[in-house]
Amino acid sequence: MAKRLTERQRLALKLDSLNDSEVVEVLDYISIMESMRRATLVPGVWEDELVAVLADGRENRRAQASFEWEAVRRRAERRASTLPVRN
């Protein structure tokens, strides 16, 4: 009974039949596939770290304080506009 070749063995046979420039192209393609694989795995961790760093930033704290002060000012204006006017 004849043994069937595995996909890896078929690939090795095909690589043996390629010239050097074709092998370089295959290696470039493999490199692209590997970088795409890494890009899908790593962003979650990297983005979480980036968000944490930005959240702790001085400018972000200033923006949060400014937003809170603006919200308080608007509430005070609304309250003042609903109070009865004294003569």
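Rule-based calculations on the coordinates, nothing more; no lab input. Here the structure is a predicted model, which means the values were calculated and not measured. So basically every Cβ, Gly included, is an ideal-geometry build from the backbone, and we count neighbours across all protein chains shown.
Okay, here's what the table says:
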{"item": "Subset of the stretch 56-66 [exposed (fewer than 10 other Cβ atoms within 10 Å of the Cβ) and in a helix (DSSP H, G or I)]", "result": "58, 59"}
{"item": "Residues that are hydrophobic (A, V, I, L, M, F, W, C) and surrounded by 10 or more Cβ atoms within 10 Å (Cβ to Cβ), drawn from the stretch 73-87", "result": "76"}
